[in-house]
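Undergrad: What follows is a structure written as structure tokens; I'll ask about it next.
Taken together, the values in this text are just the output of simple stated rules run on the coordinates, not laboratory data. Just so we're clear, the structure is a prediction, and the values are computed from it rather than from any experiment. Counting neighbours? That spans all protein chains shown, and the Cβs are built from the backbone with ideal geometry, glycine included.
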Amino acid sequence: MSMQLRRLVEEQNTVWQRMQDIQAAAESESRDLSAEERQNWDQAEERLTVVSGDIERLNRMAQLGQIDRSQVVSTTGEPGGENRGDDAEEQARRYREAFGIYMRGGMDRLTPDQRNMMMDRQVDLRAMGAGIDTAGGFTVPDEFRNIMTETMKAFGGLLGMADIIPTATGADLKWPTNDDTGNEGEILGENQAAGEQDIALGGKTLKAHIFSSKQVKLSMALLQDTAFPLDSWVPKKLGERIGRRAARSFTTGTGIDQPEGLTVGGQVGKTGANGQTTSIIYDDLIDLEHSVDSAYRGNARYLMHDTSLKVIRKLKDTQGRPLWVPIPAPGFPATINGFEYSLDNSMPVPAAGAKTIAFGDFKAGYVIRQVQAVQTLRLVERYAEYLQVAFLGFARMDGGIQDSSAIRLYQHSAS
């Protein structure tokens, strides 16, 4: 843990204790907070939100930093490399080299052999689906793809927690869904035939919806600067953008021409009482936890928007202990009622009828299909007068509920 992160954790715990002391002083005298105490509380809570956000950002940076830089291979090539043979590893090395040259200088910088190699990996984006009118994307090398997909996980909410099914192509994938928690085996007597119990299997078709990064523009001068880490910066930026857009689809997608969002396909485990249009109470969270079968609670965690976490921070159990516990020590996670949680600002914020909190085993309950082939475009003529080059990334994914009993949602009352 870095010194900065350690310092923020210590400050988070100090600020949190200050808030508890303010509240405890008022409770010991059976009174409401004074104007001064309320002001001090609000100031402390505001600082706590800032510090917690900084901790989350540093943790994400650490996660991105763990992406193996050794995956990025120098694009300068090696003398005599083209004479090593045509095995799979050598072909991959040669394509990495050609792709790196293409990224910095375009097709004109490639040798005839490299240009032919790139054209063999060209993907007609128009064949992916309706509404795409641009051809000429290139399949990226494995190292580029790995950096991009790991970055997508860091920013993609459920993409870092769900069951990921990688596929080589974007063909429709039939995927079974089931809820078998109500079934059990049996004890057999001697010479007794085994009974039958069919699994109630459902099914869904996982497609390959196209997610775009939008255009990322860079100056030609920067591309010509060999000190600029183009081979890692570009896939991280493309992955960050696609990850954020995918996160929103995996939480609130309609399931029509886009993934089935968790809050759309998931089942409600607890609905707040009338009047709880933006509030949550302790009993609601207990009911939500126990609405998930105990077989899944061992791997369960919470998922919510940061605004919902702010509401939960104020809750206490029946013994007066806060449900939210900050990071107790470096290396340990903050918890809600003993369960870890993840923040995803693609989740709905507290509002009338909104499904704002998910609880359960997300790997068992939600599946994401991810096509391994990732494409990128290099657009140069469009911004030539600005001396800029744009990069555009594409990834194909789909997602939906696969085990409806593994995850439950909290829904605020409608009025």
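Undergrad: For residue 7 and residue 27 in the same chain, what is the full-extension length gain: residue separation times 0.36 nm, less their Cα-Cα distance, in nm? Numbers along the way, then the final one.
TA: Numbers: separation 20, 0.36 × 20 = 7.20 nm, distance 3.04 nm.
That pair, residue 7 and residue 27, stretches by 4.2 nm at full extension.
Undergrad: Give me 61, 347, 220 ranked fewest to most by other Cβ atoms within 10 Å of their Cβ, as a rough exposure proxy.
TA: On the way: 61 13, 347 28, 220 16.
With the fewest neighbours first, 61, 347, 220 line up as 61, 220, 347.
Undergrad: Also, I was wondering about something else. For residue 310, give me every one of the lysines with a C-alpha distance below 18 angstrom, ignoring sequence neighbours fewer than eight places off in its own chain.
TA: Filter leaves 355.
Undergrad: Treating the beta-carbon of each Lys and Arg as +1 and of each Asp and Glu as -1, no other charges, what is the dipole magnitude of segment 1-44 about its Cα centre, to the nearest 20 debye?
TA: Details: 5 positive and 9 negative charges, 57 e Å.
Dipole magnitude for segment 1-44 comes out near 280 debye.
Undergrad: Going by C-beta contacts inside 10 Å, put 366, 102, 302 in order with the fewest on the left. Write down the numbers at each step before the final one.
TA: On the way: 366 30, 102 20, 302 23.
The fewest-first ordering by Cβ neighbours comes to 102, 302, 366.
Undergrad: Sort 115, 408 so the one with the fewest other Cβ atoms within 10 Å of its own Cβ comes first.
TA: Values: 115 15, 408 26.
Going from sparsest to densest Cβ surroundings: 115, 408.
Undergrad: Now, a different point. Of 194, 154, 98, which has the largest mean-square fluctuation in a 10 Å C-alpha GNM of the chain?
TA: Comparing 194, 154, 98 in a Gaussian network model of the chain, the most mobile one is 194.
Undergrad: Between 384, 371, 351, whose Cα lies farthest towards the positive end of the dipole of segment 339-406 when Lys and Arg beta carbons carry +1 and Asp and Glu beta carbons carry -1, centred on the Cα centre?
TA: 384
Undergrad: Roughly what % antiparallel, to the nearest 5, for the DSSP beta bridges in segment 267-415? The partial results should precede the final answer.
TA: Details: 24 of 31 bridges.
Percent antiparallel among DSSP bridges in segment 267-415 is about 75.
Undergrad: Between residue 107 and residue 380, what length in nm is gained on full extension when 0.36 nm per residue of separation is reduced by their alpha carbon distance? Please list the in-between numbers first.
TA: Working: separation 273, 0.36 × 273 = 98.28 nm, distance 1.05 nm.
Residue separation times 0.36 nm, minus the Cα-Cα distance, leaves 97.2 nm.
Undergrad: Ranking request for peptides 314-321, 335-342: highest mean number of other beta-carbon atoms within 10 Å first, then the rest in descending order.
TA: The packing order, highest mean first, is 335-342, 314-321.
Undergrad: To continue, here is another question. Set Lys and Arg Cβ to +1 and Asp and Glu Cβ to -1, take the dipole of the chain about its Cα centre, and tell me which of 63, 405, 175 lies farthest positive.
TA: 63
Undergrad: Quote to one decimal, in nm, the extra length available between residue 329 and residue 116 on full extension: 0.36 nm per residue of separation minus the C-alpha distance between them. Kindly include the intermediate steps, with their values, before the conclusion.
TA: On the way: separation 213, 0.36 × 213 = 76.68 nm, distance 5.57 nm.
Full extension from residue 329 to residue 116 adds 71.1 nm.
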